Amino acid sequence: MMLAADLPDTLPVFPLPGALLLPRARLPLHLFEPRYLQMLEDCLKTRDRIIGMVQPLPVPDGVDVGGAPLHDIGCAGRVTQFSETDDGRYLVTLTGISRFRIREETDGFAPYRRCAVDWPPFDRDLGRAEKDPGLDRAALTALLERYFAARQLSTDWETIRDAQDELLINSLSMLLSFEPEDKQALLEAPTLSDRRETLITLIEFALRGGTSEEMPQ
């Protein structure tokens, strides 16, 4: 378990719309752009191998999201697995450590972006897996059955029934198809219970055929 004192003040950041990383969860990434290959190479030379995942703010079609303004809050992950393909691409797994708030973007000679960050008030992210006392697993499973049926998706229902609270809620938050701004709302939920409530609202809204622009704030 990483301690707050071990977390760096500055992070390389990977702006990727719709990609959600949460503490203690795992996010697979496919890196092929030269700037992000360089980011990975530099990251692997450090002791902790940490990369910050941040969602860019919406930009017009055709604009490079790599240079877009960033949301204030992201999540740092440690490179826990990587492999190189024959054509020089990398398949990477990040394991979430803690959320952070961007203080400012820093200048430098690297081709990728770096940010100075603050880690409070996300101290709970460094602790043990959260529990959700208010989780009604039967009701959530029934809702998921409707959602998966509507989208003609399949899943391992036994795994869903047996998963621990945090693993279940965070995995659904990361894997289900929501708009980037909805993913950001899930990331910023203060507690696991808050994230579950947001997740249920998003699923119910999707089943009613709503769009993210119509979501209640």
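The values are calculated or read from the model by the stated rules, or taken from the named source; none is laboratory data. These numbers come from a predicted model, not from an experiment. Here Cβ is always computed from backbone atoms with ideal geometry, including for glycine, and neighbour counts include all displayed protein chains.
Considering each residue of the range 153-209, count those that are assigned to a loop (DSSP other than H, G, I, E, B) and charged (D, E, K, R), and give that number.
We begin by selecting, within the range 153-209, every residue assigned to a loop (DSSP other than H, G, I, E, B); these are 153-156, 163-164, 176-179, 189-191, 208-209.
When the remaining residues are screened for being charged (D, E, K, R), the result is 156, 179, 208.
Number of matching residues: 3.
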Of the residues in the range 110-119 that are in contact (Cβ under 8 Å) with a residue 60 or more places away in the chain and within 23 Å of the chain's Cα centre (by Cα), the one that is nearest to D162 (Cα to Cα) is W119
Criterion first (in contact with a Cys (Cβ under 9 Å, 6 or more places away or on another chain) and either among the hydroxyl-bearing types (S, T, Y) or outside the structural domain of G74 (by TED's automatic domain parsing) (or both)) does L187 satisfy it? yes
Residue among S212, S193, S177 that is over 14 Å from the mean Cα position of the chain (by Cα) and at pLDDT below 95: S212
Being at pLDDT 90 or above, in contact with a Lys or Arg (Cβ under 9 Å, 6 or more places away or on another chain) and either in the same structural domain as V117 (by TED's automatic domain parsing) or over 30 Å from I169 (Cα atoms) (or both), is that true of even one residue in the range 60-72? yes
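I'd like the residue in the range 1-57 that is among the small types (G, A, S) and in a helix (DSSP H, G or I) and, out of all such residues, is surrounded by the fewest Cβ atoms within 10 Å (Cβ to Cβ).
A5
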At pLDDT 95 or above and not assigned by TED's automatic domain parsing to the domain that holds I51, is that true of E145? no
Count, please, the residues in the range 174-211 that happen to be within 19 Å of G127 (Cβ to Cβ) and not aliphatic (A, V, I, L, M). 7
For the range 152-174, give me each residue that is free of Cβ contacts under 8 Å to residues at least 12 places away in the same chain and either hydroxyl-bearing (S, T, Y) or surrounded by fewer than 16 Cβ atoms within 10 Å (Cβ to Cβ) (or both). Q152, L153, S154, T155, D156, E158, T159, D162
Quick check on the range 24-59: of everything there that is among the charged types (D, E, K, R) and in contact with a Lys or Arg (Cβ under 7 Å, 6 or more places away or on another chain), which residue is modelled with the lowest pLDDT? D48
If only one of D182, D132 is farther than 21 Å from M39 by Cβ, outside the structural domain of P15 (by TED's automatic domain parsing) and without any contact (Cβ under 8 Å) to a residue 40 or more places away in the chain, which one is it? D182
